[in-house]
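Asker: After the structure tokens below, expect a handful of questions from me.
The values are calculated or read from the model by the stated rules, or taken from the named source; none is laboratory data. These numbers were taken from a predicted model, which means no experiment stands behind them. Don't worry about glycine lacking a Cβ; one is built from the backbone with ideal geometry, like all the others, and counts go over all protein chains shown. Just so you know, the surface numbers come from the protein's heavy atoms only, side chains and all, with ligands and any DNA or RNA stripped out. Shrake-Rupley method; radii C 1.70, N 1.55, O 1.52, S 1.80 Å.
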Amino acid sequence: MDLNPRQLELIGEVQRQGSASVEALAERFGVTLQTVRRDVRLLTQAGLLHRFHGGVRAPSSTTENVAYRQRQKLNDDAKRGIARVVAAAVPDGSSLIINIGTTTEAIARELLGHKGLRVITNNLNVAAILADNSDCEVIVAGGVVRSRDRGIVGEVTVDFIRQFKVDIALIGISGIEDDGTLRDFDYREVEVARAIIDHAREVWLAADHSKFNRLAMVELGRLDQIDTLFTDLPPPEPFPTLLAEARVQLVTCENEANP
């Protein structure tokens, strides 16, 4: 399904607030109530929002992620802004592991000008992107390829990752809960992500604002396993306190994400 810019912004607005009334959304976007109702009907049919009397809320499923093609478009400006800042912090000549996710794919695009990189990935999209950088060696993990997003998962993937120790792990996440847990939807993907964290000297997490307080079923890890968090907006409470207690460096890419 192709969404127009207003519909994408409407999803982001509801994700930020958790829920919103039809009237508030009409005022926010300067359109009629009928236009918002049409957008809401389309987005709820696609499973991107849930309706209640008088308004909509963000989906709260802990068992299933938003479809890959839809995730590619959600908060795209934020992801590209985060990616620019992350890539600028990656030194030439580094060894990296990059995992599954639309944000990590955005980072891969920003690394196309880097020199002397050695990148291990369980994401065929990342591999295809970085293959265009002739000064980057790309090593693709073995395992089971998920058709929906070309991620590679499974025990073979975990065993493959355990052979390495890299300078930096660049990882994405589906949700960060207010108890400091990092969460995702697929336990097989989580097992690979845990191995990635264990086999990197530094762990950098890239997560846009919609990931805070988002629920998911499987615990991947905790904030104190992360060295640096890159996000587009200042995180809401209690996350600044949690990050300080976990000694996680917070990099807010607000200017880059909203040029």
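Asker: Mind checking which pairs have a first residue in segment 81-108 that is farther than 26 Å from residue 162 by Cβ and open to solvent by less than 10 Å² (accessible area, probe 1.4 Å) and a second that is aromatic (Phe, Trp, Tyr) and in a helix (DSSP H, G or I), Cβ under 8 Å, 6 or more apart or different chains?
Answerer: none
Asker: Run down 214, 183 and say which single residue is under 14 Å from the mean Cα position of the chain (by Cα), buried (at least 17 other Cβ atoms within 10 Å of the Cβ), of a type in the set (D, E, K, R) and assigned to a loop (DSSP other than H, G, I, E, B).
Answerer: None of the others qualify; the one that does is 214.
Asker: Show the residue pairs that are 6+ apart or on different chains and have beta-carbon atoms under 7 Å apart, the first residue being within segment 6-32 and under 21 Å from residue 215 (Cβ atoms), the second being in a helix (DSSP H, G or I) and open to solvent by 40 Å² or more (accessible area, probe 1.4 Å).
Answerer: 13/28
Asker: Can I ask one more? Of the numbered conditions (1) of a type outside the set (D, E, K, R); (2) modelled with pLDDT under 95; (3) crowded, with 21+ Cβ neighbours inside 10 Å, residue 238 satisfies every one except a single condition; which is it?
Answerer: Looking at each condition in turn, residue 238 falls short on (3).
Asker: Considering only residues that are closer than 27 Å to residue 231 by Cα, part of a helix (DSSP H, G or I) and of a type in the set (A, V, I, L, M), which ones fall in segment 1-39?
Answerer: 8, 10, 11, 14, 24, 25
Asker: Kindly indicate whether residue 120 is in a strand (DSSP E or B) and either free of Cβ contacts under 8 Å to residues at least 40 places away in the same chain or open to solvent by 40 Å² or more (accessible area, probe 1.4 Å) (or both).
Answerer: Spelling it out, it is not the case that residue 120 is in a strand (DSSP E or B) and either free of Cβ contacts under 8 Å to residues at least 40 places away in the same chain or open to solvent by 40 Å² or more (accessible area, probe 1.4 Å) (or both).
Asker: Give segment 41-95 a look and list any residue that's of a type outside the set (Ser, Thr, Tyr), modelled with pLDDT of 90 or more and not in a helix (DSSP H, G or I), or say none.
Answerer: Selection gives 90, 91, 92, 93.
Asker: Mind listing whichever residues of segment 142-167 are in a strand (DSSP E or B) and open to solvent by less than 10 Å² (accessible area, probe 1.4 Å)?
Answerer: Within segment 142-167, 151, 152, 153, 166 qualify.
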